[in-house]
Amino acid sequence: RISPFLLNPWGGVKSEGPKLVPFFKSTCVYFVLWLPTSSPSWFSALIKCLPIFCLWLFMLAHGFSFLGAHSSARKILAGLIFSSLGDAFLIWQEDGYFSHGLLMFAISHILYSSAFGMKPLNPLAGLVIGAISAVSYALLYPYLSGPFTYLVGVYIALIGFMGWRAVAGLQLANDLWTWTKMSACLGAVLFMVSDLTIAVNKFCFPVPHSRAVIMATYYAAQMLIALSAVECQDVETARKMA
């Protein structure tokens with residue numbers, strides 16, 4: 001039997017759209033207010049974290065029974081919680097809290113990697129992501145000093161591993177690819193773009209419009225990763241129908 005995802009591959013995304021309205025509105029609020037980073041405050045931290053809070057609500061809207069039944073959804077919700085803590089620390093990064101934010105996001109990537117799982121293994125994807133990660137670190141290395149020489153290296157390894165696990169799951173021949181795997185893959189790639197932009201802008205040289213690039217790709221990444229989690233209940237339904 002043909003899977004409903006093959007007949008209407010983006011139907012699930014459309015059904016989730018209304019639940020994402022608060023996320024989109026809070027993201028617009030962030031970009032409209034565009035609070036200066038030179039004067040960090042709890043209000044600016046709230047505005048920055050608000051879209052991620054809305055993604056918490058987006059996942060909780062699927063019910064505690066859903067979260068209880070799907071460990072991957074619980075891990076991604078936990079990853080969103082640690083991400084919001086990382087966002088808050090980065091508001092005060094000039095006061096010495098950059099490494100704290102780095103730690104929070106590192107934990108998020110570990111949780112996301114665990115949620116994506118180790119099957120299929122896809123070693124080729126791992127080699128490609130590994131090569132990209134190695135080149136990125138090699139380019140950043142001359143600009144790093146002190147603890148960041150090691151912290152950035154570990155962080156790149158963790159986000160690279162997360163990216164591998166997300167990309168590895170993308171099987172274009174699979175009739176379920178559009179909903180679950182594509183969201184995870186695009187989200188991971190955008191997360192890597194966002195974090196690489198942060199690193200280049202902080203350690204190497206100013207990137208034009210860096211804040212807009214960083215936050216646009218970051219919010220999109222988190223939304224896609226959240227989407228990839230909540231859809232697993234529909235995948236199970238589709239498998240039973242197949």
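Confirm whether LEU80 is more than 18 Å from the chain's Cα centre (by Cα) and not polar (S, T, N, Q).
No: the conditions fail for LEU80.
Considering only residues in the stretch 166-207 that are at pLDDT 95 or above and among the aromatic types (Phe, Trp, Tyr), the one that is surrounded by the fewest Cβ atoms within 10 Å (Cβ to Cβ) turns out to be PHE205.
The set of residues in the stretch 57-71 being over 19 Å from the mean Cα position of the chain (by Cα), surrounded by fewer than 17 Cβ atoms within 10 Å (Cβ to Cβ) and assigned to a helix (DSSP H, G or I) consists of PHE64, SER65, GLY68, ALA69. Looking across the stretch 31-46, the residues that are surrounded by fewer than 18 Cβ atoms within 10 Å (Cβ to Cβ) and outside any loop (DSSP other than H, G, I, E, B) come down to PHE31, VAL32, LEU33, TRP42, PHE43, LEU46. If you filter the stretch 122-165 down to residues that are assigned to a loop (DSSP other than H, G, I, E, B) and surrounded by 12 or more Cβ atoms within 10 Å (Cβ to Cβ), you find that the one that is nearest to the chain's Cα centre (by Cα) is ASN122. Only one of the listed residues (ALA242, ALA220) is open to solvent by 10 Å² or more (accessible area, probe 1.4 Å), over 21 Å from LEU124 (Cβ atoms) and modelled with pLDDT under 95. That residue is ALA242.
The values are calculated or read from the model by the stated rules, or taken from the named source; none is laboratory data. Given the structure is predicted, the values throughout are model-derived calculations rather than measurements. Positions of Cβ are generated from backbone atoms using ideal geometry, with glycine treated the same way; all protein chains shown enter the neighbour counts. For accessibility, only protein heavy atoms count, side chains too; no ligands or nucleic acids. Shrake-Rupley method; radii C 1.70, N 1.55, O 1.52, S 1.80 Å.
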